[in-house]
1. Need a quick list: helices (runs of 4 or more DSSP H) entirely within segment A:108-153 having at least 3 residues that are away from the ligand (no atom under 16 Å from the Cβ).
2. Counting residues that are within 16 Å of the ligand (Cβ to nearest atom) and closer than 30 Å to residue B:342 by Cβ, which strands (runs of 3 or more DSSP E) fully inside segment B:148-245 reach at least 1?
3. Take residue A:20 and tell me if it is closer than 20 Å to residue B:45 by Cα, modelled with pLDDT of 95 or more and near the ligand (Cβ under 10 Å from one of its atoms).
4. It is to be established whether one or more residues within segment A:157-169 are within 12 Å of the ligand (Cβ to nearest atom), more than 14 Å from every other protein chain (Cβ to nearest Cβ) and either touching a Phe, Trp or Tyr at 6+ places or on another chain (Cβ under 9 Å) or in a helix (DSSP H, G or I) (or both).
5. Being within 14 Å of chain A (Cβ to nearest Cβ) and free of Cβ contacts under 8 Å to residues at least 24 places away in the same chain is the requirement here; does residue B:238 meet it?
6. Taking segment B:106-146 only, how many residues are surrounded by fewer than 24 Cβ atoms within 10 Å (Cβ to Cβ), among the charged types (D, E, K, R), in contact with a helix residue (DSSP H, G or I) (Cβ under 7 Å, 6 or more places away or on another chain) and within 13 Å of another protein chain (Cβ to nearest Cβ)?
7. Give all pairs with beta carbons closer than 6 Å in which a residue from segment B:295-307 that is within 16 Å of residue B:243 (Cβ to Cβ) meets a residue that is acidic (Asp, Glu) and part of a strand (DSSP E or B); count only pairs at least 6 apart in sequence or on separate chains.
8. Among the residues of segment B:28-48 satisfying the criterion of being facing another protein chain (nearest Cβ under 7 Å) and not in a helix (DSSP H, G or I), which is modelled with the lowest pLDDT?
Amino acid sequence: MNQVQFYRWLVIINCAVPLVLLSWDAWRGQLGANPASDALHVTGMLSLVCLLLSLTITPLRWWTGWGGWISFRRALGVYAFVYAVIHLGIYVVFDRALSLSSTLMEISSRRFLQIGGLSLLLMVPLAVTSTNAMLRKVGAKRWKQLHRLAYVIAILAVMHYYMLVKSDVRQPLVFAGLLTGLLAVRVHRAYAPTRTPQRV
Amino acid sequence: MQDIPKIDESEITPPQMYFNRRRLMRAGGTVVSVAATASLYRALNPTKLVSLDSKPLLPANVPNVTGQSAGATNPDANGTSTTTGDTSTTQSAGSSTDAAASSTPPTPDELRAKGFLVDDSMTPARYIVNYNNFYEFTTSKEGVASAAAGFKTDGWQFKVSGLVNKPQSFTIDQLHALSPLQERVYRMRCVEGWSMVIPWIGIQLSHLLDAVEPQAGARYVAFETLLDPERMPGQLNPILKWPYVEGLRIDEAMHPLTILATGLYRQLLPPQDGAPVRLVVPWKYGFKGIKSIVGITLTAQEPPTSWNLFAPNEYGFYANVNPDVDHPRWSQATEQRIGEVGRRKTLLFNGYDQQVGELYAGMDLRKNY
Ligand code: HEM
């Protein structure tokens, strides 16, 4: 295992730590007064955090010049998906009492759930194509294009969060600010005059 | 050709030692990073709960109407079972409003008929004091208990004024002197979709209003929370317009179910639950139960209410619990009873239809949400 591979494992292990602690707390009945709601909030938050971390990889690579960053990106993206799936699972089991019809009814009638649902739905093709084999099959160029969906997914996730808050929107606004920054860096780079002299 | 400098055999790290050292470094790095992640997670998601440790309000201050020695006591304090819903422990809930007329204490059935006592299991005190909506301290429900710890209420006074013949200020002791304290075991339904069952201690609001003699023109009662950002740091953030204000129609305010609570589980109201005095209107969503009251004003016009001012399409003046009238962003058909697994059906007027339904006869509850 070379050093970069080791770092990647560190990322993979550390992203699982919150899940282990959340399960541990749930097992010991230590999620507080409203465990289902607490677990829903924690998993939603973790999904969003992993998503934003995955979007900081590319700027970090630009700024530091170290190519190793890129090997963490897929792991972070897959964790964003995993936490979102658990998030939905908790919602279906505890909030909707395992009723598929009531889940679909509720999701279709609430705008913030529609948006969260769309965000999760768009994650599916990215998760499916997250393996090396799939990357080769799809082809690097198309794979890259497909994975630009991450921007849309992140915007939808922040909207989902912003819309469900009762009145104190400071936290979702912080996430919106971070996301705006991450997207702005990319736009800036795309339109800024290239630093390397253009080939004629 | 350059001379390769000679290195003594003994200076070269043997390969197995080099790999061992790298292994060790990696193992160390893994442990340190996992510990850091775990501590960060723990710092953001603490599991510590505070306990209900305010001074007892009973039995010293509260005449025990049923003559029973045990009332609803905090099950966390004596370490016994966490569900104490059996009626034997709650028989002292409430006293007849005309206690003087009948010397025999009301039976549990009479209390149930009045809505003063419900049979649902009481929510353990540790949940009641660790899960609060009290934006004056913080918008985190789990964070209110620590943010409000140390909130001083010594010398608290609240003023009752407006369209009354005898405007006056009350201390908590003066409030307690107005009529015997009563215990009421009420359901509490939050607009967010969760609920509790809480044994409050307090007096009927009607007894206070009777004391100040409302004038004929008084049609509404307005309430106001303390405004003091130094003691209530949440007020530094303009999440809502401070101070928090609430209101009731006068017939709602005079209803026997409406109380001013100064305690729960037979102990003084702790800061996170609205110390030293708060409103409890069990058939309405919890946000109507304004906390840490400093002003009560009788008015002719419907007074402004905080959540209605914030989002008039989401929170009405009435805010009666109603499973058929959804919040625009979520359903109100079911609720998470704290301490239970799974959700239960929400009841019209939070199950107090029999007692308060007539107040709203002929009213369109969809329009007047
Ligand atoms: C079908 C998909 C989804 C459903 C049904 C769903 C449902 C919910 C619900 C019911 C809540 C709590 C609302 C409340 O307590 O008022 C919530 C909160 C949240 N969700 Fe989702 N969600 C979905 C997808 C997602 C996705 C894909 C993400 C992120 C990538 C996400 C991130 C969040 C966040 C950050 C919160 C707020 C956590 C907090 O309050 O601390 N959700 N979601």
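1. Passing ranges, in order: A:132-138, A:140-146.
2. Hits in segment B:148-245: B:182-189, B:194-204.
3. So residue A:20 does not fit the description; no.
4. yes
5. Yes; evaluated as a whole, the condition is true for this residue.
6. Summing the residues that are surrounded by fewer than 24 Cβ atoms within 10 Å (Cβ to Cβ), among the charged types (D, E, K, R), in contact with a helix residue (DSSP H, G or I) (Cβ under 7 Å, 6 or more places away or on another chain) and within 13 Å of another protein chain (Cβ to nearest Cβ) in segment B:106-146 gives 0.
7. Qualifying pairs under 6 Å: B:295/B:224; B:305/B:246.
8. Ranking the qualifying residues of segment B:28-48, first place goes to B:47.
The values are calculated or read from the model by the stated rules, or taken from the named source; none is laboratory data. Just so it is clear, the model here is predicted, and its values are computed rather than measured. Cβ atoms come from the backbone with ideal geometry, glycine included; neighbour counts cover every protein chain shown.
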